[in-house]
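Structure first, then comments.
FYI, it's all coordinate maths here, none of it is from the lab. Please read all numbers here as calculations on a predicted model, not as lab measurements. Every residue, glycine among them, receives a Cβ derived from its backbone with ideal geometry; neighbour counts consider all protein chains shown.
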Amino acid sequence: MRMNRSLVTVIIPVYNGGKYLAEAVESIYRQNYEPLEIIIVDDGSTDDTARVAMGLGRDIHYIFQQNAGPASARNTGIVASRGEIIAFLDSDDFWPPGRLTVTVRYFDQHPEVGYLLGKQMMFVEPGCAVPPWMKSKWLSEPQDASNTAVLAARKVTFDRVGLFNSEYRSGEDTEWFVRASEAGVPMARLPEIILHRRIHGQNLSGHIIQMRKANLMRIARESIRRRQER
């Protein structure tokens with residue numbers, strides 16, 4: 001049975017995320033799925049990320065690079081990956097059991113689909129204030145998400161669409177989804193909760209939100225330009 005399953009590569013980009021990294025990796029091990037490859041890409045961390053990563057298991061592929069942003073870190077993982085299916089997990093989030101099983105099953109049943117998204121359940125880290133922009137239902141109901149944290153894709157999809165644009169430090173997921181749509185890659189959404197997303201002071205600061213808004217305008221302009229050049 002194991003020999004017939006697709007090899008899944010899980011890529012964890014991390015920057016100064018040693019505090020939560022072990023919990024993220026443990027949620028991957030709880031998937032009870034094989035064959036599995038875990039790649040941690042340390043994007044120039046200065047905290048204890050390297051020490052934590054080295055202590056998580058000999059079967060983990062740890063890569064250190066100079067700080068270049070999350071898109072670059074994910075790209076490093078993609079290039080190093082051996083899996084037919086690639087999934088991403090941020091170092092401060094974790095997966096519910098069964099996330100990989102439902103993902104691989106869907107890909108097997110729908111060979112035309114190039115990538116999958118799904119639902120996330122958000123929660124605020126104890127001791128952190130609820131951001132003023134956050135709607136109460138986001139913490140009580142699962143939400144459809146469109147970000148790399150819920151993304152799983154066939155590796156051949158990256159051959160078709162390309163890697164993430166490392167010029168973007170925020171919004172690189174949206175930019176990639178736009179290019180995937182332009183390339184005509186079929187996408188589907190899983191109805192299950194496939195991610196528990198942690199909200200804390202560092203991952204959704206006002207600066208990051210403003211940068212993402214600015215990048216969305218740039219993404220739209222670049223998409224228009226590409227269409228006009230065809």
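What do you get for Rg/Rh of the chain when both radii come from the Cα atoms and Rh is the Kirkwood radius? Show your work: numbers first, answer last.
Details: Rg = 17.2 Å, Rh = 18.2 Å.
Result for the chain is an Rg/Rh of 0.94.
List the trypsin sites (Lys or Arg not before Pro) within region 1-87 that fall in a DSSP loop (any state other than H, G, I, E or B) and whose Cβ has at most 10 other Cβ atoms within 10 Å.
Working: sites: R2, R5, K19, R30, R51, R58, R74, R82; in loops: R5, R30, R58, R82.
Hits after loop and neighbour filter: R58.
I need the semi-axes of the equivalent ellipsoid of region 78-150: take the C-alpha gyration tensor, multiply each eigenvalue by 5, square-root it, list largest first in whole angstrom.
Numbers: eigenvalues 158, 43, 23 Å².
After scaling each eigenvalue by five and taking roots: 28, 15, 11 Å.
Give the Cα extents of region 58-103 along the principal axes, in whole Å, largest first.
Over region 58-103, Cα extents along the principal axes are 34, 24, 23 Å.
To make sure I understand, if each residue's beta carbon is the centre and we count other beta carbons within 10 Å, what order do L163, L89 fall in, fewest to most? Show your work: numbers first, answer last.
On the way: L163 16, L89 25.
In order of increasing Cβ crowding within 10 Å: L163, L89.
Which of the GluC sites (Glu not before Pro) across region 102-204 are loop residues per DSSP, with 16 or fewer other Cβ within 10 Å?
Of the GluC sites (Glu not before Pro), the ones in loops of region 102-204 whose Cβ has at most 16 other Cβ atoms within 10 Å are E112, E167.
Check cross-link reach from K155 to the aspartates and glutamates: straight Cα distance under 20 Å, and skip same-chain residues fewer than eight apart.
Qualifying aspartates and glutamates at Cα under 20 Å: E34, E37, E84, D90, D108, E112, E172, D173, E175, E182.
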